[in-house]
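Okay, structure first, notes after.
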Amino acid sequence: MTIAIYPGSFDPITNGHLDVVVRAAQLFEKLIIGVYDTPGKGLMFTTEERVELARQTIADLANVTVQPFSGLTVDFACKVGAKAMVRGLRVSADFEWEFDMAMMNRRLDPELELVCFMAGPEFQFLSSSLLKEVSRLGGNVDDLVSGHVAQALRRKVHGKM
Ligand code: ADP
């Protein structure tokens, strides 16, 4: 069975992430979304909340699961038996960082293959950071996330979560 991981912060998971997940799930027999437990940036949602929101968002996809992880991504891939790592690329924002990280990961584990999906045209502009910023300022982002995430953002922004 070819297993792939899709690691990220998913703070929170967006329709851009979901588009990559759906496409990757058609290519691999099993896809595991790995939610970083300790990324070095300010987060809106806790690890448990990010995992739960991702689980609710991918609930209809039979071969996709979600797990939190900490430490090196290559170690997580090894632990779950993944042969490939999936990432998404937006037109201007992602390539250089993804390239550096891919080279480093290749040194750490030459066996783990990187598979990048070009973001769908309708999701090129979409990032979790921008989404949170617009949400905090009272903008409506309902068509960019699942219903569960839209609700969670509203609760978070209004201080009830
Ligand atoms: P990270 O902290 O690893 O960047 P993110 O949750 O921001 O975590 O992103 C996880 C992966 O999803 C990255 O490969 C990122 O480039 C990709 N990604 C983020 N937003 C989109 C989008 N709108 N369309 C396609 N891929 C995306």
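The values are calculated or read from the model by the stated rules, or taken from the named source; none is laboratory data. Just so you know, these numbers come straight off a predicted model, no measurement behind them. Note: ideal-geometry Cβ built from the backbone for every residue, glycine included; neighbour counts use all protein chains shown. The protein model used for the area step is the full one, side chains on, heavy atoms only, and it has no ligands, DNA or RNA in it. Shrake-Rupley method; radii C 1.70, N 1.55, O 1.52, S 1.80 Å.
Numbers at a glance
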item	result
Number of the condition not met by L114 [criteria: (1) within 17 Å of the chain's Cα centre (by Cα); (2) assigned to a helix (DSSP H, G or I); (3) at pLDDT 95 or above; (4) not charged (D, E, K, R)]	(2)
Any chance K132 is open to solvent by 30 Å² or more (accessible area, probe 1.4 Å) and part of a helix (DSSP H, G or I)	no
Some residue of the stretch 7-29 being touching a residue at least 40 places away in the same chain (Cβ under 8 Å) and among the acidic types (D, E)	yes
Conditions (1) under 19 Å from P7 (Cα atoms); (2) without any contact (Cβ under 8 Å) to a residue 12 or more places away in the chain: number failed by F69	(2)
Any hit, the stretch 113-134, residues being touching a residue at least 24 places away in the same chain (Cβ under 8 Å) and either touching a Cys at 6+ places or on another chain (Cβ under 9 Å) or away from the ligand (no atom under 13 Å from the Cβ) (or both)	yes
Among (1) open to solvent by 90 Å² or more (accessible area, probe 1.4 Å); (2) out of contact with any strand residue (DSSP E or B) (no Cβ under 6 Å at 6 or more places or on another chain), the one test that M118 misses	(2)
Candidates V157, V149, filtered to the one that is buried (at least 17 other Cβ atoms within 10 Å of the Cβ) and out of contact with any strand residue (DSSP E or B) (no Cβ under 7 Å at 6 or more places or on another chain)	V149
Matching strands (runs of 3 or more DSSP E) fully within the stretch 1-111 where at least 3 residues are in contact with an Asp or Glu (Cβ under 8 Å, 6 or more places away or on another chain), open to solvent by less than 90 Å² (accessible area, probe 1.4 Å) and within 11 Å of the ligand (Cβ to nearest atom)	84-89
